[in-house]
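Colleague: This is the structure, below, for whatever I ask next.
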Amino acid sequence: LSIGLQEAVRLFYGQIPGFPDSRRAIPFPVIEGLTGRSLQFGGVTIQYSAIFTLGALAVCTAVLWWFVNKTRMGRAMQATSQDADTARLMGINVDKAIATAFAVGAALAAVAGVAHGLRYNNIDFQMGFMAGMKAFTAAVLGGIGNINGAVVGGLVLGIVEALATTYIPGQFGSSAWKDVWAFAILILVLVFRPQGLLGAKVVDRA
């Protein structure tokens with residue numbers, strides 16, 4: 001359904017008079033103090049957009065950890081994810097917990113969208129597709145259901161892509177192959193450590 005909606009937008013949305021062509025990237029709005037600026041640290045140039053991304057990562061991780069572990073709704077979300085029927089019997093509004101989880105995910109996606117726009121200076125209607133695939137890969141890499149694991153998985157994924165495109169010679173080290181190396185790491189983790197880097201093995205007892 002998602003792919004169908006994306007293709008419908010790509011094929012038909014730009015054909016409606018008075019609406020922009022959806023097939024063209026839209027310039028991201030200029031944010032004073034962040035857009036186009038960089039910081040010189042020795043011989044290294046660090047874009048302000050990268051600093052914003054790392055800062056947003058730290059803040060969102062801390063707030064998400066606090067919300068999930070220290071609030072009533074966060075604990076309700078955990079209980080619902082473990083056993084929705086039992087959670088409902090304990091008086092938890094399961095539907096509200098599920099809706100809250102989607103709302104939190106949408107808010108975090110909005111922050112990621114701003115970081116993406118600052119990094120690449122433009123946005124388009126399908127820019128979240130590959131980002132979503134990478135997010136899923138990072139979650140599996142770190143351990144499904146582990147917030148800290150997802151953060152570590154994302155950082156490991158980014159480092160692997162950067163090192164692969166920098167140090168692997170020939171065409172296999174080109175930027176076109178960075179996604180291949182990212183998903184190769186995912187396959188290796190699924191084969192040798194399916195619970196993820198920070199995940200714990202769960203044993204079902206009869």
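This table checks each residue for (1) assigned to a strand (DSSP E or B); (2) closer than 24 Å to Phe52 by Cβ; (3) outside the structural domain of Tyr48 (by TED's automatic domain parsing).
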| residue | (1), (2), (3) |
| --- | --- |
| Gly117 | no, yes, no |
| Met133 | no, yes, yes |
| Thr166 | no, yes, yes |
| Lys178 | no, yes, yes |
| Trp181 | no, no, yes |
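Colleague: Val104 is checked against (1) more than 21 Å from Ala115 (Cβ to Cβ); (2) in contact with a Phe, Trp or Tyr (Cβ under 9 Å, 6 or more places away or on another chain); (3) not small (Gly, Ala, Ser) and fails just one. What number does that condition carry?
Modeller: (1)
Colleague: Given the conditions (1) closer than 30 Å to Val63 by Cβ; (2) part of a helix (DSSP H, G or I); (3) at pLDDT below 85, report the number of the one that Gly199 does not fulfil.
Modeller: Condition not satisfied by Gly199: (2).
Colleague: Further question on the same structure: Can you tell me which residue is nearest to the chain's Cα centre (by Cα) among those in segment 128-157 that are under 28 Å from Arg37 (Cβ atoms) and surrounded by fewer than 16 Cβ atoms within 10 Å (Cβ to Cβ)?
Modeller: Ala131
Colleague: Does segment 121-128 contain any residue that is in contact (Cβ under 8 Å) with a residue 24 or more places away in the chain, of a type in the set (Phe, Trp, Tyr) and in a helix (DSSP H, G or I)?
Modeller: No: zero hits.
Colleague: Within the set of pairs 6 or more residues apart or between chains, which connect a residue that is surrounded by 14 or more Cβ atoms within 10 Å (Cβ to Cβ) inside segment 88-109 to a residue that is of a type in the set (Lys, Arg) with Cβ atoms less than 9 Å apart?
Modeller: Ile92/Arg75; Val94/Arg88
Colleague: Confirm whether Ala87 is touching a Lys or Arg at 6+ places or on another chain (Cβ under 9 Å) and more than 30 Å from Glu7 (Cα to Cα).
Modeller: So Ala87 does not fit the description; no.
The values are calculated or read from the model by the stated rules, or taken from the named source; none is laboratory data. Computed from a prediction, not measured in an experiment: that's the story for all the values here. Neighbour counts are summed over all protein chains in view; Cβ atoms, including those assigned to glycine, are modelled from backbone coordinates with ideal geometry.
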